[in-house]
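Structure, as structure tokens:
The values are calculated or read from the model by the stated rules, or taken from the named source; none is laboratory data. Worth saying up front: this structure is predicted, and the values here are computed from it rather than measured. Note: ideal-geometry Cβ built from the backbone for every residue, glycine included; neighbour counts use all protein chains shown. Remember, those area values only see protein heavy atoms, side chains included, never the ligands or the DNA or RNA. Shrake-Rupley method; radii C 1.70, N 1.55, O 1.52, S 1.80 Å.
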Amino acid sequence: MAASNLDRSADTAVRILVTGGSGLVGKALQWAVAELETTDVRFQKRPGEEWSFLTSKDGDLRDLASARAIFERWTPTVVIHLAARVGGVFANMAYQADFLNDNLAINQNVLRLCHEFNVDKVISCLSTCIFPDKTTYPINETMLHDGPPHDSNFGYAYAKRMLDVANRAYASQHGRKFTGIIPTNIYGPYDNFGEGSHFVPALIKRVQAARENGAENIQAAGSGAALRQFIYSRDIARIIIWMIHEYDSAEPLILAGDADSEISIRQAIDTICKISGFAGRVEWDTTKTDGQLRKTADNAKLKSYLKDFDFTPFETGVKETVEWFVENKDGSECRL
Ligand code: NAP
């Protein structure tokens with residue numbers, strides 16, 4: 001260990017710092033820590049843990065001095081690294097260089113400071129949308145670097161892939177327990193329903209507006225044929241809590257539902273329309289891209305640890321998300 005690293009030998013406290021604590025996944029973790037009712041100890045926070053949730057107002061993690069000030073203030077022992085420049089397919093296509101630069105800077109700063117401050121464990125967030133474009137399915141954790149990502153998000157994808165490279169490098173050189181999760185498309189309460197939003201929140205917002213305005217149809221991009229696996233943000237939160245206590249490998253873990261969780265965009269829209277009470281037609285704009293036609297991710301490794309994990313069904317998660325949106329869309333908590 002480098003001599004300059006923080007000496008924590010007499011420090012037995014557990015201080016868990018969540019970067020990106022105000023985002024979709026960060027808010028789900030806040031819910032899991034404060035409100036989750038479960039008798040399953042694997043998903044419960046442990047007595048004595050101090051949890052802190054950062055927003056960008058606490059400091060810009062792209063800037064090393066700001067990031068260092070955060071670590072000096074909180075001296076975390078565990079870091080859940082969620083902060084990222086995140087966006088849907090069209091935002092990614094328009095701002096490739098920004099997605100690359102911002103995410104490279106954030107990730108490099110956070111991991112080097114986790115090393116400097118002697119953090120015991122780091123769990124960073126990657127994404128299944130960074131996997132190779134041309135590959136065989138289902139895709140698993142070993143195939144992350146096997147070919148270029150899809151053109152539509154190569155800036156974001158290569159920046160995120162470097163997190164995995166960094167985790168292995170810190171493990172190899174310093175014996176660090178820095179690891180990554182690779183979730184499929186996430187949705188849930190507190191999602192971004194505004195500019196650059198992902199498919200589910202964008203659709204929920206559009207369908208709600210159509211219903212309220214008595215519209216007869218809505219437009220959807222692409223053909224509806226692309227297949228996607230959606231995972232509820234609160235499922236991710238429960239798995240992260242388990243990982244903090246039980247998962248020590250630098251090798252990343254795909255967070256995906258079971259095989260039946262893969263549905264077409266058309267099925268997803270039908271579900272959102274049904275739950276929202278919108279009975280109009282969906283018009284498909286086939287001049288717009290579908291993105292990758294499928295990117296089925298294999299959850300076998302996750303299930304080897306948590307074989308009985310009860311994923312939230314898409315209908316249930318969408319219902320809770322729509323209810324949250326309807327209740328909060330006029331409030332300050334909702335990103336519109
Ligand atoms: P999100 O809702 O967009 O939230 C992003 C978070 O990062 C916010 O808390 C934001 O703070 C913070 N942040 C952004 N730039 C920052 C900066 N320069 N300095 C400090 N904080 C900054 O993101 P999310 O959807 O929860 O995603 C969490 C993680 O999951 C990300 O790493 C993302 O790449 C990954 N992921 C997301 C999806 C998905 O479908 N959403 C899928 C797979 C993986 P403010 O609120 O203050 O702006």
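I want to check a number: in the stretch 1-148, how many lysine pairs have alpha carbons closer than 27 Å, given a sequence separation of 8 or more or different chains?
Numbers: 27/45; 27/57; 27/121; 45/57; 45/121; 57/121.
Close lysine pairs found across the stretch 1-148: 6.
List the pair-distance distribution P(r) of the chain, using every Cα-Cα distance, as the percent of pairs falling in each 20 Å bin from 0 up to the bin containing the longest distance, rounded to whole percents.
31, 59, 10, 0
For the chain, what is the mean residue ellipticity at 222 nm derived from helices alone (per DSSP H run of n ≥ 4: -39500 (n - 2.57); sum divided by total residues; nearest 500 deg cm²/dmol)? Working shown, then result.
Working: 10 runs with 131 residues, N = 336.
Value at 222 nm, helices only, nearest 500: -12500 deg cm²/dmol.
Can you work out the Karplus-derived ³J(HN,Hα) for every residue in the stretch 26-35? Use 6.51 cos²θ - 1.76 cosθ + 1.60 with θ = phi - 60°, whole Hz, and x for glycine or proline.
Ordered by residue, 3J(HN,Hα) equals x, 5, 5, 5, 4, 4, 5, 6, 9, 10 Hz.
Take the alpha-carbon positions of the stretch 1-156, form their convex hull, and give its projected area averaged over all directions (one quarter of the hull surface) in nm². Could the numbers behind the result be given before it?
Values: hull surface 46.4 nm².
Dividing the Cα hull surface by four gives the mean projection, 11.6 nm².
Just going by the charge dipole of the chain, with Lys and Arg at +1 and Asp and Glu at -1 on Cβ, which of 156, 125, 90 is farthest out on the positive end?
It is 156, whose Cα lies furthest towards the positive end.
Taking a point 7 angstrom from the Cα of residue 290 along the C-beta vector, which residues in the stretch 198-222 have backbone N less than 19 Å away?
199-200, 219-222, by backbone N distance to the label point.
Between helix 265-276 and the chain, what is the angle of the helix's C-alpha long axis to the longest principal axis, kept within 0 to 90° and rounded to the nearest 10?
80
Going 7 Å from the Cα of residue 11 along its beta-carbon direction, which residues of the stretch 65-86 have the amide nitrogen within less than 20 Å of the resulting point?
Correct set: 65-82.
As an exercise, use a Förster radius of 35 Å and the Cβ-Cβ distance of residue 50 and residue 305 to find the FRET efficiency, rounded to the nearest 0.05. Provide the component values of the computation, followed by the final result.
Numbers: r = 26 Å, r/R0 = 0.74.
The formula returns an efficiency of 0.85 here.
With everything on Cα atoms, drop me the angle between helix 64-74 and the longest principal axis of the chain, reported from 0 to 90° to the nearest 10.
70
Taking a ≥ b ≥ c as the square roots of the eigenvalues of the Cα gyration tensor of the stretch 126-165, is the shape rounded (a/c under 1.5), prolate (a/b larger than b/c) or oblate?
Working: a/c = 1.92, a/b = 1.21, b/c = 1.59.
Judged from the Cα gyration tensor, the stretch 126-165 comes out oblate (a/c at least 1.5, b/c at or above a/b).
Long-range amide H contacts for residue 221: which residues qualify at under 5 Å (H placed 1.01 Å from N, peptide plane, sequence gap of 5 or more or a different chain)?
Hits under the 5 Å cutoff: 285.
On average over all directions, what projected area in square nanometres does the stretch 276-336 have, based on the convex hull of its Cα atoms? Write down the numbers at each step before the final one.
Details: hull surface 29.8 nm².
Projected area, direction-averaged: 7.4 nm².
7 Å from Cα along Cα→Cβ at both residue 248 and residue 39: what's the point-to-point distance in nm?
3.0
Mind ranking 295-304, 33-42 by how tightly packed they are, going by the mean number of other C-beta atoms within 10 angstrom, highest first?
295-304, 33-42
Amide H of residue 230 versus every other amide H placed in the peptide plane: which residues, excluding those fewer than 5 positions away on the same chain, fall under 5 Å?
So residue 230 has HN proximity to 263.
Quick one: which of 9-19, 251-261, 213-223 comes out on top by average Cβ neighbours within 10 Å, and what's the full order, highest first?
Working: 9-19: 16.6, 251-261: 19.2, 213-223: 14.0.
Packing proxy ranking, top to bottom: 251-261, 9-19, 213-223.
Counting just the Cα atoms, what span does the stretch 146-218 cover along each of its three principal axes? Round to the nearest Å and put the largest first.
61, 27, 17
Could you order peptides 97-104, 201-208 by the average number of other Cβ atoms within 10 Å of their residues, highest first? All intermediate terms of the calculation are to be shown ahead of the outcome.
Working: 97-104: 18.0, 201-208: 21.8.
Ranking, from highest mean packing down: 201-208, 97-104.
Residue by residue through the stretch 321-334, what is 3J(HN,Hα) from phi via Karplus (6.51 cos²θ - 1.76 cosθ + 1.60, θ = phi - 60°)? Round to whole Hz and write x for glycine and proline.
For the stretch 321-334, the Karplus-derived couplings read 6, 4, 4, 4, 4, 4, 5, 10, 5, 9, x, 6, 6, 9 Hz, x marking Gly and Pro.
Please figure out what share of the DSSP beta bridges in the chain is antiparallel and state it in percent, rounded to the nearest 5. Don't skip to the answer; put the middle values down first.
Values: 3 of 34 bridges.
Bridges in the chain are about 10 percent antiparallel.
Can you tell me the Rg and the Dmax, both Å, for the Cα atoms in the stretch 17-93?
Considering the stretch 17-93 through its Cα atoms, Rg and Dmax are 14.5, 44 Å.
Write down the percent of antiparallel bridges among all DSSP beta bridges whose residues are both part of the stretch 165-288, to the nearest 5. Can you show the working numbers first?
Working: 3 of 14 bridges.
Among the beta bridges of the stretch 165-288, antiparallel pairing accounts for roughly 20 percent.
Could you report the stretch 188-336's accessible area per residue, 1.4 Å probe, as an integer in Å²? Walk me through the intermediate numbers first.
Values: 6760 Å² over 149 residues.
About 45 Å² of surface per residue is accessible.
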